[in-house]
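K.L.:
Questions regarding the structure given below will be posed in turn.
The values are calculated or read from the model by the stated rules, or taken from the named source; none is laboratory data. As the structure is a prediction and not an experimental result, all values here were calculated from the model. Quick reminder, even Gly has a Cβ in these numbers, built from the backbone with ideal geometry, and neighbours come from all protein chains shown. Remember, those area values only see protein heavy atoms, side chains included, never the ligands or the DNA or RNA. Shrake-Rupley method; radii C 1.70, N 1.55, O 1.52, S 1.80 Å.
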Amino acid sequence: MNNRWNKVIYKFWAPFYDYLFNSGPFLKARKKIFESLDITPNSKVLFVGIGTGADLQFILGKNVSVTAIDLSPEILGRAKNQYDTPNVTFMEMDAQNLTFSPESFDMVIANLILSVVPDPNQCFQEMIRVTRTGGRILIFDKFAPPSRELPVMKKILRPVVALMGTDIGLHFEQIIMPYEKQIRVDEDASALFNGMYRKSCLEKLQDNSWQVTGRGK
Ligand SMILES: C[S@@+](CC[C@H](N)C(=O)[O-])C[C@H]1O[C@@H](n2cnc3c(N)ncnc32)[C@H](O)[C@@H]1O
């Protein structure tokens, strides 16, 4: 996967996206995730890879200020059309190279994005960087079962499915492992399809100087 292909493929998905991922079981899962989410009023919230804005319906009534970024102008255009409100600032941006200052947001929400970006480790590092110390990160995504090798069929299908714009072989544990002293996992639970999609809530415990001085020290 690379950014150029992601732009092409998500331009293609844009007109159908909501039929697939903002309806039926996905809509139900999103609703449940946001129902249980406790957000302090006036929080600054960043959505990484907002897509068509499927999650915005659950957060706009909560009196928060929202910044929403995405790489694809077409899909971002759809989000803008649906949620034309002063509470949301939409920006075209690469999730692996966020242009925000460190510690800018109280909450960072990354739904169905780590499995999509070319470099999920870089994206996750950026998410931590822009979250304030004491702030939270919410992730809803599909991950391979923890500490298990991918079944042969999945290994074969992985590059084929990647052409459609998503990775079916990502291990969440490997992404968060380098940050085990900087973040705490408050929740990690099945969100959809018997654990294929998971909801994870993390808290940032230490500021970014920890990343400079050395991971895991
Ligand atoms: C599967 S969709 C998820 C959208 C939304 N978060 C949701 O839950 O429906 C993945 C999104 O990531 C965006 N994307 C792909 N590569 C990206 C990148 N490098 N930086 C930012 N967004 C990217 C795509 O344009 C698409 O909108």
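K.L.:
How many residues does the stretch 38-78 hold that are closer than 23 Å to residue 15 by Cα and of a type in the set (S, T, N, Q)?
P.N.:
Matching residues across the stretch 38-78 total 4.
K.L.:
State which residue is least open to solvent (accessible area, probe 1.4 Å) when the search covers only the stretch 70-96 and only residues that are touching a helix residue (DSSP H, G or I) at 6+ places or on another chain (Cβ under 8 Å) and hydroxyl-bearing (Ser, Thr, Tyr).
P.N.:
72
K.L.:
Could you please let me know if residue 48 is within 30 Å of residue 2 (Cβ to Cβ), open to solvent by less than 10 Å² (accessible area, probe 1.4 Å) and modelled with pLDDT of 95 or more? Walk me through how you get there before you give the answer.
P.N.:
Numbers: within 30 Å of residue 2 (Cβ to Cβ): yes; open to solvent by less than 10 Å² (accessible area, probe 1.4 Å): yes; modelled with pLDDT of 95 or more: yes.
In short, yes.
K.L.:
What single numbered condition from (1) surrounded by 18 or more Cβ atoms within 10 Å (Cβ to Cβ); (2) more than 12 Å from the ligand (Cβ to nearest atom); (3) aliphatic (A, V, I, L, M) fails to hold for residue 177?
P.N.:
(1)
K.L.:
Now for a separate question. Scan the stretch 171-192 for residues that are of a type in the set (Ser, Thr, Tyr) and farther than 13 Å from residue 144 by Cα and report the count.
P.N.:
Number of matching residues: 1.
K.L.:
Of everything in the stretch 1-45, what is closer than 20 Å to residue 168 by Cβ and open to solvent by 60 Å² or more (accessible area, probe 1.4 Å)? Give them in sequence order.
P.N.:
1, 2, 5, 8, 12, 16, 20, 25
K.L.:
Next question, about the same structure. When you check residue 49 against the structure, is it within 11 Å of the ligand (Cβ to nearest atom), in contact with a Cys (Cβ under 9 Å, 6 or more places away or on another chain) and small (Gly, Ala, Ser), yes or no?
P.N.:
In short, yes.
K.L.:
Against the condition without any contact (Cβ under 8 Å) to a residue 60 or more places away in the chain, crowded, with 18+ Cβ neighbours inside 10 Å and of a type in the set (S, T, N, Q), how does residue 67 come out, does it pass?
P.N.:
yes
K.L.:
Taking the stretch 156-177 as the search range and keeping residues that are of a type in the set (A, V, I, L, M) and in a loop (DSSP other than H, G, I, E, B), which one is nearest to the chain's Cα centre (by Cα)?
P.N.:
170
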